[in-house]
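*Asks:* Submitted below is the structure of interest, expressed as structure tokens.
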Amino acid sequence: MSAAQEFSATGMAARTAAILFVFVIIFTGLLSGAYLWTKPAIEASAVEEKMKLVDEVLQRSEYDNDLLSDTIALPATPELALTDPTLLYRARKNGQPVALVFEAVAPDGYAGKIRLVMAVRANGEVAGVRVTQHKETPGLGDYVEVKKDKNKARPWITQFNGMSLAQVTAKEWKVKKDGGRIDNYAGATVTPRAVAKAVLKAAQWADANRDRLFAEGAAK
């Protein structure tokens, strides 16, 4: 190859590299622009999904603060069977503590862990509980999830609404088969038993740590 040909080939390679570089810059710019354009919508959607879940365990009329901003980070918490950090949300009204909204896990479900979200009022009363993830047998133990419970008028999980340590003994926080007050379907006792035990432990934890949790990181 002559020197002229080598020079021409080198120039062509340089031009190709420059063109590719320009395309990369343009493509990256477009992606960045698309991200910035859709970011508010994505964030709004995430907030909406979180609030939908919170609404299932605590009515918005009970508090007036920005719940999703009034949070504290929980480390792995054995009492809640949480092995990873998570967020706890604090509901207040007129600056006064109303309820704690947090996650818990029933580690001994029939097919493994059952993840929960629940709200416990400042007076120790359970406002609501929902199952957010499980692997229980379809048609047998999955009735602990509202969407899969055939009783739409009074889903099984709503039995915990209004229960409190002050009015219900630890023995009563069990399924009826074990001498408690929680209903269970015949042939599917392991799942509700695990959920009932997890809710009791979570309520006890919230009651024991209520003052600290509401005070931690609060504005002074």
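*Asks:* For segment 111-124, what are the residues that are in a strand (DSSP E or B) and either over 9 Å from Ala99 (Cα atoms) or not assigned by TED's automatic domain parsing to the domain that holds Thr86 (or both)?
*Replies:* Scanning segment 111-124 gives Gly112, Lys113, Ile114, Arg115, Leu116, Val117, Met118.
*Asks:* Taking the residues in segment 74-116 that are within 16 Å of Arg130 (Cβ to Cβ) and hydroxyl-bearing (Ser, Thr, Tyr) as candidates, determine which candidate is modelled with the highest pLDDT.
*Replies:* Only one residue fits best here, namely Tyr89.
*Asks:* Here's a follow-up. Of the residues Val146, Val126, Val101, Val131, which single one is closer than 17 Å to Leu67 by Cβ and β-branched (Val, Ile, Thr)?
*Replies:* Val101 is the lone residue from the list that is closer than 17 Å to Leu67 by Cβ and β-branched (Val, Ile, Thr).
*Asks:* Restricting the first residue to segment 150-179 and requiring it to be among the acidic types (Asp, Glu), which pairs with a second residue that is in a loop (DSSP other than H, G, I, E, B) meet a Cβ separation below 6 Å and a spacing of at least six or different chains?
*Replies:* Going by the 6 Å Cβ cut-off, the qualifying pairs are Glu172/Gly180; Glu172/Arg181.
*Asks:* Residue pairs, Cβ under 7 Å, 6 or more apart or interchain, first in segment 100-119 and over 18 Å from Arg210 (Cβ atoms) and free of Cβ contacts under 8 Å to residues at least 24 places away in the same chain, second among the polar types (S, T, N, Q) and part of a strand (DSSP E or B). List them.
*Replies:* Partner pairs satisfying both residue conditions: Arg115/Thr132; Arg115/Gln133.
*Asks:* Considering only segment 181-201, how many residues are more than 12 Å from Ile157 (Cα to Cα) and among the β-branched types (Val, Ile, Thr)?
*Replies:* Number satisfying all stated conditions: 2.
*Asks:* OK, next. Does Gly124 meet the test of being over 26 Å from Lys174 (Cα atoms), at pLDDT below 95 and surrounded by fewer than 20 Cβ atoms within 10 Å (Cβ to Cβ)?
*Replies:* no
*Asks:* Any idea which of Val175, Val168 is among the β-branched types (Val, Ile, Thr) and over 22 Å from Asn123 (Cβ atoms)?
*Replies:* Val175
*Asks:* Could you tell me how many of the residues in segment 155-203 are closer than 25 Å to Lys135 by Cα, assigned to a helix (DSSP H, G or I) and not hydroxyl-bearing (Ser, Thr, Tyr)?
*Replies:* 20
The values are calculated or read from the model by the stated rules, or taken from the named source; none is laboratory data. Predicted, not measured: the structure shown is a model, and the values here were computed from it. Note that we place each Cβ from the backbone using ideal geometry, even for glycine, and neighbour counts take in every protein chain shown.
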